[in-house]
Amino acid sequence: MPAHSLKPLAAGAGALVLAGSLTACGGSSAASDAKEITVYSADGLKADDGSGFYDKVFKDFTAKTGIKVKYVEGGSGEMVQRLAREKSNTQADVVVTLPPFIQQADSKGLLDTYKPAGSDQVAAADKDAGGKWTSVVNNYFCFIYNTKELKQAPKTWDDLLGDRYKGKLQYSTPGVAGDGTAVVIKAIHDFGGLEPAMAYLKKLQTNNVGPSKSTGALAPKVDKGELVVANGDVQMNYADMKSMPNQGIFFPAANATGKPTSFALPYAAGLVKDAPHTENGKKLLDFLLTPEVQQEVSSVGGGFPARTDVTATDANAAKLKGIMAGVEIFTPDWATVNTDLTSYVDAWKKATGS
């Protein structure tokens, strides 16, 4: 989804337990024995009120293992950039990002090989065949709208070009936020190529408020009516509805005769290469894929289980099924997206003047 500015989250009532000071050098024996772990993650799975998926799962992980979790949150692109900057002095143990940034982390040599217990039950499309990363929460790209300001959701991309949306529409920055990059990927698919997609986004720029590195920051603006449309992802925005009830989820179609479309945008986790606490990182990845935790992906996190042998039957699962009803799911070629990402972002910057 992508994302908030990069910052550790302070400990407090309902907050995650933070580890002590970070280890200066990755991989030392003393660090490996420490009862702590650092997770870099895209936003969306932690809630400010302490009710999010990460809040519960990390608390349970600490209770079970004694390993304290330090959590750092930002956009998917930010996470990979930070890992790259710290490559000679690795700070993180586990990274969780949206595609194509998990593939980017792999291509930059930032991920170690590890196939968590239970990853054999994750679909081939949702994990790296070589064991560099595995999806832990499945998810889908979407847009959101203010349900008080708009009587119904926009149906097509062209609807968003109307005067009603001028200065009231915003999407997060491609190349920085996972959900922002997803705007470009969906547009390329729906319009049949990079050139027509950029021609459309150039026209949309008239209504766009401007860049935002944080997808998560847009939902409160939509809920308050400061914006009437923004981008997002189903898990994050569905979970937000508990505290932000004035938002609805929609999937614009390419045209009036087309179907609404989306694609899987999972939270994918990998073990960081030369991590300070490699064994602890493996334990967390194993824990995230246990059947018990995978059931909580829906009931607590408002997402979709990554394991194919886990079928969620809670109330959230039923509502999520309804949200996705009638949506045509396509599968991006993530290897190509990763290879061409720079050219996509450059084309977007040129088209929008960003």
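Starting from the Kirkwood radius over alpha-carbon pairs of region 305-354, derive D by Stokes-Einstein at 37 °C in a medium of 0.692 mPa s and give it in µm² s⁻¹.
On the way: Rh = 14.5 Å.
Rounded to a whole number, D works out at 227 µm²/s.
Residues whose amide H lies under 5 Å from that of Gln247, counting only those 5 or more places away or on a different chain, are Thr147; hydrogens are built 1.01 Å from N in the peptide plane.
Each residue of region 321-335 was assigned a 3J(HN,Hα) from its phi angle through the Karplus curve 6.51 cos²θ - 1.76 cosθ + 1.60 (θ = phi - 60°); the sequence is 4, x, 4, 8, 4, x, 8, 7, 9, 10, 10, x, 7, 5, 5 Hz, with glycine and proline shown as x. Of the residues Val96, Ser243, Thr181, the one whose Cα sits farthest towards the positive end of the charge dipole of the chain is Ser243 (charges of +1 on Lys and Arg Cβ, -1 on Asp and Glu Cβ, taken about the Cα centre).
The residues Trp133, Trp348, when put in order of fewest to most other Cβ atoms within 10 Å, stand as Trp348, Trp133. Normalised by 2.2 N^0.38 Å, where N is the number of residues, the alpha-carbon radius of gyration of region 227-354 equals 1.29.
Using Cβ counts within 10 Å as a stand-in for footprinting exposure, how do Glu292, Glu36 rank, fewest first?
Details: Glu292 10, Glu36 22.
With the sparsest Cβ surroundings first, the list reads Glu292, Glu36.
In the chain, what % of DSSP beta bridges are antiparallel (nearest 5)? Don't jump to the answer; show the numbers that get you there.
On the way: 25 of 42 bridges.
Here the antiparallel bridges make up roughly 60 percent for the chain.
Based on alpha-carbon atoms, the Kirkwood radius and the radius of gyration of the chain give Rg/Rh equal to 0.96.
Given the alpha-carbon gyration tensor of region 174-267, what are the semi-axes of its equivalent ellipsoid in whole angstrom, ordered largest first, with each equal to the square root of 5 times an eigenvalue? Could you put the intermediate results ahead of the total?
Details: eigenvalues 99, 46, 37 Å².
Whole-Å semi-axes of the equivalent ellipsoid: 22, 15, 14.
Farthest towards the positive end of the charge dipole of the chain, among the residues Ser41, Thr156, Ala268, is the Cα of Thr156, using unit charges on the Cβ of Lys, Arg, Asp and Glu.
Taken over the alpha carbons of region 40-188 as equal point scatterers, the Debye sum produces base-10 log I(q)/I(0) values at 0.09 Å⁻¹ of -0.38.
Annotation: amide H of Asn208 within the under-5 Å range of Gly167, sequence separation 5 or more or interchain, hydrogens built in the peptide plane.
Note down the magnitude of the dipole of the chain about its Cα centre, charges +1 on Lys and Arg C-beta and -1 on Asp and Glu C-beta and zero elsewhere, to the nearest 20 debye.
640
Treating only the Cβ atoms of Lys and Arg (+1) and Asp and Glu (-1) as charged, compute the dipole magnitude of region 152-274 about its Cα centre; round to the nearest 20 debye.
Working: 13 positive and 11 negative charges, 37 e Å.
The dipole magnitude comes to about 180 debye.
Let me have the relative contact order for region 254-354, percent, based on Cα pairs under 8 Å that are six or more residues apart. Each step should come with its number before you reach the end.
On the way: 67 pairs, mean separation 29.6, N = 101.
Relative contact order for region 254-354 comes out at 29 percent.
Using a 10 Å cut-off around each Cβ, can you sort Met198, Met79, Met244 from fewest to most neighbouring Cβ atoms?
Met244, Met198, Met79
Every number here is computed from the coordinates shown, using simple stated rules; none is lab data. What you are looking at is a predicted structure, and each value in this text was computed from that prediction instead of being measured. Backbone-built Cβ (ideal geometry, glycine too); neighbour counts: all protein chains shown.
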